[in-house]
Amino acid sequence: MNYRILVYTLGWILNFQALFLLLPCLVALVYQEPSGWNFLFTALVVSIIGIILTCKKPQNNQFHAREGFVLVAVSWILISLISAIPLCISGEVPNYIDALFEMVSGYTTTGASILTAVEELPKCMNFWRCFSNWIGGMGVIVFIVTILPMTGSNANMYLMRAESPGPSFGKLVPKLKKTASLLYIMYIVLTLTQLVLLLFGGLDFFESLCISTATAGTGGFGIRNDGFSGYSSYVQIVVTVFMFLFGVNFKFYFLIVMKKLKDAFLIEEVRWYAILYAVATILIAIDIFHLFGSVGESLKHSAFQVATVMTTTGFATTDFNQWPIFSQMIMLILMFVGACAGSTGGGMKISRFIIYIKSAQKEIACLLHPNSVKKIKMDDKVVDHETLRSANVYLIIYVLLVSASVLLVSLNGFDLITTVTSVIATFNNIGPGLGVVGPMGNYSSLSVLSKLVLIFDMLAGRLEIFPIVMLFFRDTWKR
Amino acid sequence: MNIIIAGCGGVGSTLAEQLTAENHEITVIDNNSKNLQNVVSQFDVMGVLGNSTSYVVQMEAGIDKADLLIAVTDHDEINMLTCLIAKKAGNCQTIARVRSPQYFTEIDFIRDELGLSMAVNPEFAAAQEISRLLQIPSALEVDTFAKGRVNLIKMEIPQNSELDQLMLADFSQKIGIDTLICIVERDKDVFIPGGDFVLHTGDKIYVTMQMSVLNDFLNKIGLKEKQIKKVMIAGGGNMGYYLGRILTEAHMQVKIIEKKEERCAELSELLPKAMIIHGNATDRQLILEEDLETTDALIAVTDIDEENILLALYANKVSNAKVITRINRLSFEDVLDNMPVGSTVTPKDITAEYIIRYVRSMQNSYGSNVETLYRMVDNRVEALEFHVDADAKVTKATLGELKIKKNTLICCISRDKHIIRPTGRDIIMAGDSVIVVTTNRGLNGIDEILS
């Protein structure tokens, strides 16, 4: 482990964090809110530390996969720790663990909240929460890679690979930096489009901005106490559409921009994502028809809730705790599946499920024809052994961690549904689960231990387990 | 530029490394996923798995937007076919590696008919370099410019030389021969020396000069030159063959030791003037029997780097021969530098040099063209030859008035048939070939030497 380069790069991340912290100051300035000082103060302290750490470039710039993983994990933790400070010192969220939970939930785009009344928060704090969704959605490191001249080209590659969601990471164009900036350009364009459409819906600029950033990162922080039920149908539909769009693999948009429509629509994952979304929406719409009484209403609510769960956003227009058990179970299953790899969504990712299902098919075929040789293909390309192996191990660790977390959270003494779904909803970065932590509830009543466990789960879920788990191996830290 | 490299073996990955360092967008194609993974994880390039001769694969690699395709797979035929298809599928220039001696004799026809911009033959290029080294045995490295009229020669300052403790400002007065010391390598440091630089025994210097004054210069500085007559070549692969051909044409006595019997028969057919020995070059008895001790030069060019190194070390111990070692795969230059293995020649680096030179001149469409490019001292210094066009900025003032970047030296101007060693009063004119030595790597045009 090359500690020097690790500290140096972390210093740069602190510098960027200080810049990010200036944004809510700006909001506070516009709305004349005194709590902006908390952000400014934190930004100052962070930038001083950052500048000290970055003033000397280390001689040894060896940077390998190990440093990449550790740097990503540590910087996510560090960023969350720092971001929670203004919330805590302003007194809005007096308990630091609560503030940390809120910010981790923001950066990991979970959207699970410990706040009972978000409307009372100052605007700059609400903006900070939604912005954390936005920057966490595409990835902090990706952002930094686009701007920072890093030590070597390899270093960036390891970082991107460690941070980007999905079983394997592919570039869009040969240069990593260009790939990262292309991703961010598409991200910004989509976010702005949503912002404009929301402005047409009659929302004010601040609210539109918060909603679009929270949707873009598939984060799910709302700024109203009643979630999305109070908004007009137009706003709800716009948000539904954009949640769906942000759950699509960004490669799809890249191919469309490159005018390779045929290739775009041939991406297996995107097709399955759309099919799964449509089927789930229709099934639930039928199942909840009696609750709303009209096809339009039930379709609208079903489409919104399925999108929110599948893309792991976590908004809600209605309390699906009240829905029939069949619909609830569909939602629960979708929580695991999640969105496409290479999108801003969380969960296990459609592409992993495609791999699992194809592997299962292959195994069964091998039982029937013991000598058969079959390669698993996706998008007409052979999925290599490494990807398969890592996807399988991912599943194993996933199950182990979820089980252990459920066990720890069960110490709270809540009912089965609450206990299990709180873990599932945080691990898959969705936000609301069922029961006490349902769409109209929140996570404030959990014990500190449970909150810490869930914080871990959120980070592990967002960074796809390996970087976070790696921190717990002594080998990782050896010099 | 968008560049596609087909095949990521030794040359392919070297190219990927060096071209990404020069900020090009590289896509590599290979049908071996392990090799591809390796390159993709090491360098900032995109990988496409598949057969490079396939239209679909080339399209996936973005042939329609590529400026250049470089085919360096293991097979000449695949390289040529890849280039042919690329030419039809996209609108790019193509470079193919063609190694087989048979194709290479017909290379002009092949290049024209397939529309290749360039065909490179690493082994032939390396053999040429070795033959240049043999002509000047006391040189450690010989690079030629201006169609062979100017040489950049690397040598070590021997004991009790006139050059020891000499300040460069006094150089021309004391030595009195029309030469210029461009680069000095001392331990781990490289200098582009100015007038106040003082030379020491053991420094490795790079000197530009014309062939005609070479012997005078060597005598003056105390390097003894003896002509090479007897050459022993270990390894009769393609490189051994090319060397054999070039050296026998230069009337040297060539002995080639080759392991495989059929190859020996082939070689003796191809090279009637050379003596072909069937046997293992690492067989001590055999090489001693074949007079290793009295041979003038030993060239170790077997396929196995380790064998070459051992052989070179041994030859250095038992004889006074000039030793040249081929290193293909290993990348431990810093260790090898301190071992008595003589000059080392790395075909893949030579190929990369050729191709990068081409890429740079493609990139620079105005003012001047990179005619020649050599990289020395672990790629830390570049020596370039530019052809100057009328609209180049450097033609506008005398050299004394031009503001030239630090660590950059104009060594030589070749005008018509004259070689000019430039002073501050000289002026560069359109049509000149200018040779520049610099540590500012990545120059694309002559105007980039200006700060």
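The values are calculated or read from the model by the stated rules, or taken from the named source; none is laboratory data. Computed from a predicted model, the values in this text were never measured in an experiment. Ideal geometry is used to build each Cβ from the backbone, glycine not excepted, and the neighbour counts take in all protein chains shown.
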The range B:10-28, subset among the β-branched types (Val, Ile, Thr) and more than 10 Å from chain A (Cβ to nearest Cβ), residue surrounded by the fewest Cβ atoms within 10 Å (Cβ to Cβ):
B:14
Residue match in the range B:346-357 (condition: crowded, with 20+ Cβ neighbours inside 10 Å, touching a strand residue (DSSP E or B) at 6+ places or on another chain (Cβ under 7 Å) and within 17 Å of residue B:257 (Cα to Cα))
no
Which condition from (1) assigned to a strand (DSSP E or B); (2) touching a residue at least 40 places away in the same chain (Cβ under 8 Å); (3) more than 10 Å from chain A (Cβ to nearest Cβ) is the one that residue B:3 breaks?
(3)
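Can you work out which of the residues in the range B:92-148 that are aromatic (Phe, Trp, Tyr) and touching a helix residue (DSSP H, G or I) at 6+ places or on another chain (Cβ under 6 Å) is surrounded by the most Cβ atoms within 10 Å (Cβ to Cβ)? Show your work before the answer.
Start the filter on the range B:92-148 by keeping residues that are aromatic (Phe, Trp, Tyr), which leaves B:103-104, B:109, B:124, B:145.
Those still in the list that are touching a helix residue (DSSP H, G or I) at 6+ places or on another chain (Cβ under 6 Å) too: B:103, B:124.
Details: B:103: 18, B:124: 23.
The extreme case among them is B:124.
Does residue B:298 qualify as being of a type outside the set (Asp, Glu), outside any strand (DSSP E or B), over 30 Å from residue B:25 (Cβ atoms) and modelled with pLDDT of 85 or more?
Values: of a type outside the set (Asp, Glu): yes; outside any strand (DSSP E or B): no; over 30 Å from residue B:25 (Cβ atoms): yes; modelled with pLDDT of 85 or more: yes.
When the stated conditions are applied, residue B:298 does not pass them.
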Would you be able to say whether some residue in the range A:369-388 is crowded, with 17+ Cβ neighbours inside 10 Å, more than 19 Å from the chain's Cα centre (by Cα) and part of a helix (DSSP H, G or I)?
yes
Among the numbered conditions (1) under 20 Å from residue B:325 (Cβ atoms); (2) of a type outside the set (Val, Ile, Thr); (3) out of contact with any Pro (no Cβ under 9 Å at 6 or more places or on another chain), tell me where residue B:241 comes up short.
(3)
For residues that are in contact with a Phe, Trp or Tyr (Cβ under 9 Å, 6 or more places away or on another chain) and under 30 Å from residue B:247 (Cα atoms), tally how many sit in the range B:145-176.
6
Take residues that are under 28 Å from the mean Cα position of the chain (by Cα) and tell me which of the helices (runs of 4 or more DSSP H) falling wholly in the range B:222-290 contain 3 or more.
B:238-249, B:261-270
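Is it fair to say residue A:41 is hydrophobic (A, V, I, L, M, F, W, C), surrounded by 19 or more Cβ atoms within 10 Å (Cβ to Cβ) and assigned to a helix (DSSP H, G or I)?
On the way: hydrophobic (A, V, I, L, M, F, W, C): yes; surrounded by 19 or more Cβ atoms within 10 Å (Cβ to Cβ): no; assigned to a helix (DSSP H, G or I): yes.
When the stated conditions are applied, residue A:41 does not pass them.
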Please enumerate the residues belonging to the range A:423-438 that are touching an Asp or Glu at 6+ places or on another chain (Cβ under 9 Å), over 22 Å from residue A:72 (Cβ atoms) and crowded, with 24+ Cβ neighbours inside 10 Å.
A:423
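The rows are residues; the columns are (1) in contact (Cβ under 8 Å) with a residue 40 or more places away in the chain; (2) not polar (S, T, N, Q).
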residue	(1), (2)
A:62	yes, no
A:66	yes, yes
A:73	yes, yes
A:82	yes, yes
A:96	no, yes
A:102	no, yes
A:105	yes, no
Scan the range B:177-200 for residues that are more than 20 Å from residue B:214 (Cβ to Cβ) and in a loop (DSSP other than H, G, I, E, B) and jot them down.
B:187, B:188, B:192, B:193, B:194, B:195, B:196, B:197, B:200
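Could you tell me whether residue B:119 is away from chain A (no Cβ under 12 Å) and either among the charged types (D, E, K, R) or in a strand (DSSP E or B) (or both)?
On the way: away from chain A (no Cβ under 12 Å): yes; either among the charged types (D, E, K, R) or in a strand (DSSP E or B) (or both): yes.
Yes, satisfied.
Within the range A:14-34, is even one residue assigned to a helix (DSSP H, G or I) and under 27 Å from residue A:473 (Cα atoms)? Give the derivation first.
Step one: filter the range A:14-34 for residues assigned to a helix (DSSP H, G or I), giving A:14-31.
Subset that is under 27 Å from residue A:473 (Cα atoms): A:14.
Yes, the range A:14-34 contains at least one residue that is assigned to a helix (DSSP H, G or I) and under 27 Å from residue A:473 (Cα atoms).
Tell me, which strands (runs of 3 or more DSSP E) wholly within the range B:335-419 include 3 or more residues that are closer than 28 Å to residue B:24 by Cβ? Give the steps one after another, and end with the answer.
On the way: elements: B:343-345, B:368-376, B:381-388, B:408-415.
Strands (runs of 3 or more DSSP E) meeting the threshold: B:368-376, B:381-388, B:408-415.
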Looking at (1) touching a residue at least 12 places away in the same chain (Cβ under 8 Å); (2) more than 22 Å from the chain's Cα centre (by Cα), find the lone condition where residue B:15 falls short.
(2)
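Residues checked against (1) buried (at least 17 other Cβ atoms within 10 Å of the Cβ); (2) of a type in the set (A, V, I, L, M); (3) within 14 Å of another protein chain (Cβ to nearest Cβ):
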| position | (1), (2), (3) |
| --- | --- |
| A:54 | yes, no, no |
| A:60 | no, no, no |
| A:63 | yes, no, yes |
| A:90 | yes, no, no |
| A:103 | yes, yes, no |
| A:123 | yes, no, no |
| A:132 | yes, no, no |
| A:137 | yes, no, no |
| A:147 | no, yes, no |
From the set of residues in the range A:170-211 that are within 14 Å of another protein chain (Cβ to nearest Cβ) and either touching a Gly at 6+ places or on another chain (Cβ under 8 Å) or of a type in the set (Gly, Ala, Ser) (or both), which is surrounded by the most Cβ atoms within 10 Å (Cβ to Cβ)?
A:180
Mind listing whichever residues of the range A:318-338 are surrounded by fewer than 24 Cβ atoms within 10 Å (Cβ to Cβ) and outside any helix (DSSP H, G or I)?
A:318, A:319, A:323, A:324
Can you tell me which condition residue B:336 does not meet? The list is (1) of a type outside the set (D, E, K, R); (2) touching a residue at least 60 places away in the same chain (Cβ under 8 Å); (3) surrounded by fewer than 20 Cβ atoms within 10 Å (Cβ to Cβ), and all the others hold.
(2)
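May I ask you to list the residues in the range B:91-118 that are under 24 Å from residue B:248 (Cβ atoms) and in contact (Cβ under 8 Å) with a residue 12 or more places away in the chain?
Filtering the range B:91-118 for residues under 24 Å from residue B:248 (Cβ atoms) gives B:98-108.
Residues satisfying the conditions are B:98, B:99, B:100, B:101, B:103, B:104, B:107.
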Please determine, by comparing only the residues of the range B:301-334 that are of a type in the set (S, T, N, Q) and assigned to a loop (DSSP other than H, G, I, E, B), which one is nearest to the chain's Cα centre (by Cα).
B:328
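Residue check: is residue B:168 assigned by TED's automatic domain parsing to the domain that holds residue B:143, of a type outside the set (D, E, K, R), at pLDDT 80 or above and in contact with a Ser or Thr (Cβ under 6 Å, 6 or more places away or on another chain)?
Values: assigned by TED's automatic domain parsing to the domain that holds residue B:143: yes; of a type outside the set (D, E, K, R): yes; at pLDDT 80 or above: yes; in contact with a Ser or Thr (Cβ under 6 Å, 6 or more places away or on another chain): no.
Here the answer is no, as residue B:168 does not meet what is asked.
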In the range B:29-50, which residue that is touching an Asp or Glu at 6+ places or on another chain (Cβ under 6 Å) and more than 8 Å from chain A (Cβ to nearest Cβ) is nearest to residue B:11 (Cα to Cα)?
B:36
The condition from (1) closer than 28 Å to residue B:18 by Cα; (2) modelled with pLDDT of 85 or more; (3) not aromatic (Phe, Trp, Tyr) that residue B:427 misses is numbered (1)
